[in-house]
Amino acid sequence: MIATRHVPHARLAALLTGTLALVGCRSLTPSAGPGSAGTPGARPVATRQIRVTVFGDSNSDGGTDSLGRWTVWAYISPESASSFRGTVRLRATDPQGRDQLTGLIETRAVDRGFTGGWTVSAINHSMSGSGLGPGGSFPGSGPAALDTAMGHTRFQAEVLGQAGTTWNPGRTFGRTDVPRVSAYVPDADSYVYIALGTNNPRGESPAAQAGYLSELVGQWVAAGHSAGRVFIATVPPGRTTPDPYARDLSLAILALPERYPGLRIVDISGQFSAGGERLLWESSACYRSAANDPLHYTLPVRRWIADQVVGQIAADYPRRHGQ
């Protein structure tokens with residue numbers, strides 16, 4: 001499990017090299033900027049492409065700016081999400097949005113020395129409103145992780161690349177056709193970050209939801225990949241009312257490495273809940289409080305997640321260019 005470090009509460013309301021230190025919600029120390037971790041050309045350049053598929057719901061589908069406003073959505077995002085005023089749904093060929101988790105992962109990787117011939121590319125296969133088990137997505141969203149279309153589940157198609165780049169669930173789930181052109185078959189330099197749970201209907205128990213996550217990890221391992229290349233996030237806590245369901249689901253997620261040693265947990269609820277009890281956000285600054293939206297966290301939380309993911313990847317590649 002990833003160890004989370006305590007970051008003192010920020011008391012500033014200013015932009016620090018692009019990082020808003022929101023009052024009351026622990027945020028990352030501002031990064032040093034692209035290229036600062038090493039000087040290209042200092043050593044012979046090795047070439048290595050590391051890929052991270054981000055597989056989640058709206059918290060990793062979209063990006064929010066420093067004021068908590070939605071700015072951008074993934075290429076597979078439902079029209080309902082990308083219809084918000086002032087937001088853009090990216091094309092598959094566009095660079096990742098700087099406020100999206102995928103864009104933050106790529107930027108942080110450069111800061112950590114993945115330069116020159118070393119690249120970390122993040123693929124955003126997140127979909128707002130999507131869930132885990134069959135039928136677990138909100139109506140009008142799209143397939144859940146274990147829903148089947150064109151002979152493959154969403155996880156098999158978007159994460160394991162088993163349906164090539166033509167898998168198109170829109171024909172089954174009633175939304176605009178969007179072939180998964182960014183899908184690929186993972187190799188030894190591939191990772192997946194799974195963050196499904198925020199939008200799951202509460203009709204199933206935390207144990208059942210954790211069981212679905214366990215099934216996804218099992219499929220990844222059965223395809224020949226290491227459980228140590230899987231990140232799973234715990235779910236956000238409640239807003240003003242304690243949320244025992246969210247706590248219990250996060251605790252069930254924390255137990256998954258017992259079945260799959262090496263599995264990495266990004267413990268959002270432990271890091272950002274009041275007293276670490278996983279029941280309430282530690283501050284309204286951690287979620288889109290201005291919009292009365294407790295399900296979606298703000299940019300400092302997303303930055304912290306990116307730092308956890310890239311920090312673990314960096315530990316796996318200690319001799320990367322720039323180090």
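If I ask for residues that are in contact with a helix residue (DSSP H, G or I) (Cβ under 7 Å, 6 or more places away or on another chain) and not hydroxyl-bearing (S, T, Y), which ones from the stretch 285-303 would you list?
Once the filter is applied, which keeps residues that are in contact with a helix residue (DSSP H, G or I) (Cβ under 7 Å, 6 or more places away or on another chain) and not hydroxyl-bearing (S, T, Y), the stretch 285-303 yields C286, H296, V301, R302, R303.
Listed by position, the helices (runs of 4 or more DSSP H) enclosed by the stretch 96-178 that each have at least 3 residues that are under 14 Å from the mean Cα position of the chain (by Cα) are 101-111.
Look at Y297 and say whether it is in contact (Cβ under 8 Å) with a residue 24 or more places away in the chain, under 27 Å from V120 (Cα atoms) and among the aromatic types (F, W, Y). Here the answer is yes, as Y297 does meet what is asked.
Would you mind stating whether G228 is out of contact with any helix residue (DSSP H, G or I) (no Cβ under 9 Å at 6 or more places or on another chain), within 26 Å of A144 (Cβ to Cβ) and at pLDDT 90 or above? Against the criterion (out of contact with any helix residue (DSSP H, G or I) (no Cβ under 9 Å at 6 or more places or on another chain), within 26 Å of A144 (Cβ to Cβ) and at pLDDT 90 or above), G228 does not qualify.
Listed by first and then second residue, the pairs with beta-carbon distance under 7 Å, at least 6 apart or on different chains, first residue in the stretch 107-121 and at positive phi and in contact (Cβ under 8 Å) with a residue 40 or more places away in the chain, second of a type in the set (D, E, K, R) and buried (at least 22 other Cβ atoms within 10 Å of the Cβ), are G113/R320. Here S27 meets each of (1) modelled with pLDDT of 85 or more; (2) touching a Pro at 6+ places or on another chain (Cβ under 9 Å) with one exception, condition (1). From the list L299, L279, L249, L263, the one residue that fits, being surrounded by 17 or more Cβ atoms within 10 Å (Cβ to Cβ) and under 24 Å from G161 (Cα atoms), is L263.
Summed over the stretch 93-123, the residues that are buried (at least 16 other Cβ atoms within 10 Å of the Cβ) and over 14 Å from T64 (Cβ atoms) give a count of 19. Do the conditions hold for A315, that is, is it within 18 Å of D111 (Cα to Cα) and either free of Cβ contacts under 8 Å to residues at least 40 places away in the same chain or not in a loop (DSSP other than H, G, I, E, B) (or both)? Yes, satisfied. The set of residues in the stretch 274-284 being within 12 Å of V301 (Cβ to Cβ) and in contact with a Lys or Arg (Cβ under 8 Å, 6 or more places away or on another chain) consists of W281, E282.
Among the numbered conditions (1) small (G, A, S); (2) within 30 Å of P318 (Cβ to Cβ); (3) in contact (Cβ under 8 Å) with a residue 40 or more places away in the chain, the only one that G97 does not meet is (3). Look at A183 and say whether it is under 24 Å from Q312 (Cβ atoms) and in a loop (DSSP other than H, G, I, E, B). Yes, satisfied. Inspect the stretch 252-263 for any residue being under 24 Å from D65 (Cβ atoms) and either free of Cβ contacts under 8 Å to residues at least 60 places away in the same chain or of a type in the set (F, W, Y) (or both) and give the result as yes or no. The answer is no; no qualifying residue exists. Of the helices (runs of 4 or more DSSP H) that lie entirely inside the stretch 194-311, those containing 1 or more residues that are within 30 Å of R112 (Cβ to Cβ), touching an Asp or Glu at 6+ places or on another chain (Cβ under 6 Å) and not polar (S, T, N, Q) span 268-272. Is it fair to say G136 is within 26 Å of T166 (Cβ to Cβ) and at pLDDT 85 or above? So G136 does not fit the description; no.
Does the stretch 299-321 include one or more residues that are small (G, A, S) and at pLDDT below 90?
No.
Residue count for the stretch 261-299 under the criterion of being over 20 Å from the mean Cα position of the chain (by Cα) and not aliphatic (A, V, I, L, M): the result is 9. Filtered by the rule that a residue be part of a strand (DSSP E or B), closer than 21 Å to V110 by Cβ and touching a residue at least 40 places away in the same chain (Cβ under 8 Å), the stretch 45-77 gives R48, Q49, I50, R51, V52, T53, V54, G63.
The values are calculated or read from the model by the stated rules, or taken from the named source; none is laboratory data. Every value quoted in this text rests on a predicted model; they were computed, and no experiment measured them. Don't worry about glycine lacking a Cβ; one is built from the backbone with ideal geometry, like all the others, and counts go over all protein chains shown.
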